1. Determine one quarter of the surface area of the Cα convex hull of region 42-191, which equals its mean projected area, and express it in nm² to one decimal.
2. Ordered by residue, what ³J(HN,Hα) values in Hz, to whole numbers, does region 162-169 give under the Karplus form 6.51 cos²θ - 1.76 cosθ + 1.60, where θ = phi - 60° and Gly and Pro are x?
3. Once you place label points 7 Å from the Cα toward the Cβ at residue 91 and residue 75, how far apart are they in nm?
4. Suppose R0 equals 30 Å. What FRET efficiency, 1/(1 + (r/R0)^6) with r the Cβ-Cβ distance, do residue 214 and residue 152 give to the nearest 0.05?
5. Any idea which of 36, 19, 247 is furthest toward the positive side of the dipole for the chain, if Lys and Arg beta-carbons carry +1 and Asp and Glu beta-carbons -1?
6. Can you compute log10 of I(q)/I(0) for the chain with the Debye formula, treating each Cα as one identical point scatterer, at q = 0.14 Å⁻¹?
7. Evaluate the charge dipole of region 9-61 about its Cα centre and quote only its size in Debye, nearest 20, assuming +1 on the Cβ of each Lys and Arg and -1 on the Cβ of each Asp and Glu.
8. Taking amide H atoms as placed 1.01 Å from N in the peptide plane, list the residues 5 or more away in sequence, or in a different chain, whose amide H sits under 5 Å from that of residue 252.
Amino acid sequence: MSISPTEQGSVYHNPPVAVVVATEDVHLVQEAEQLIKKLGDPVPDPEYIIHFGPRGVDIRSATTKNKNGHRVDFATIDRRTGAGNLSRKQVFPKSIGAPSTTVIDATAGFGEDAAMLALIGYTVVAIEKSPILSVLLRDGLRRAKQNKELWTALGGRLVLIEGNSLASLPTVPHVDVVYLDPMFPPKRKKSALPQGSIQILQSIVGYDPPDKTNILFEQAMQTATKRVVVKRPNHAPFFSDNPVAVHKGKLVRYEVYKPNT
Ligand SMILES: C[S@@+](CC[C@H](N)C(=O)[O-])C[C@H]1O[C@@H](n2cnc3c(N)ncnc32)[C@H](O)[C@@H]1O
């Protein structure tokens, strides 16, 4: 299917999204065409629009007039070191371990955690199965390349892969750490991610079923040499028995498991 690079190019799909192309950027038009192929049959009442425009790719509500879509924007990550967000003393990097570590983030989502780790100094391969999120991630990385300061800070340490980690993990060479942040149903409204991001994730990818997450965890335990780290909301039960360490934040905790390798 071909689409014209105009605002009227609107096609509907399942999951509940429409794709709108409002740019003539050849790369983005190609990305849009590939996404349309992957999404398959149109859906009649989309909840969200994947908007390819002059500012890049965003996901926005199809039902409200709010044109402020949600983009992957690594430039918005608070990059204060010292006692700030990127301090190695924060619970997240503490759970991952030494900074020279190589990490597979097997549940990339909007890439915030993966980018944080790369900014701190870890070498990160982030895998995301949703083609919609993958388009947003690639666009975020493309825009990061145009921001000299941010690109220098990332230092080429963030690689994105679109694919299912269940298929990818058994094929990759061993890494120090595999990091998992599966979708878990919220107890209340509060969550570690901003509400908008959570709502989008719920709509676009839903919750990760425990049987699939359990297999992913087992594969992670075969792939990592040093640690498997699982992020859980504080209200959730522990993912597995016998974590070797638990690093607790305000809303979430990071459970550390010793792999089988
Ligand atoms: C809670 S979100 C992760 C949020 C992420 N940590 C961040 O900072 O934005 C979980 C993501 O994992 C992805 N996911 C779940 N199972 C996966 C798998 N087997 N392979 C790749 N991605 C997966 C989902 O599509 C979803 O985008």
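Computed from the coordinates by the stated procedures, all read-outs in this text should not be read as laboratory data. Everything numeric here is computed off the predicted structure, so don't read it as measured data. Don't worry about glycine lacking a Cβ; one is built from the backbone with ideal geometry, like all the others, and counts go over all protein chains shown.
1. Taking a quarter of the hull surface, the average projection is 11.0 nm².
2. With the stated coefficients, region 162-169 comes to 8, x, 8, 4, 4, 8, 7, 4 Hz.
3. 3.1 nm
4. The pair residue 214/residue 152 has a calculated efficiency of 0.15.
5. Of the listed residues, the answer is 247.
6. Debye output, listed in q order: -0.99.
7. 60 debye
8. Residues meeting the amide H criterion: 234.
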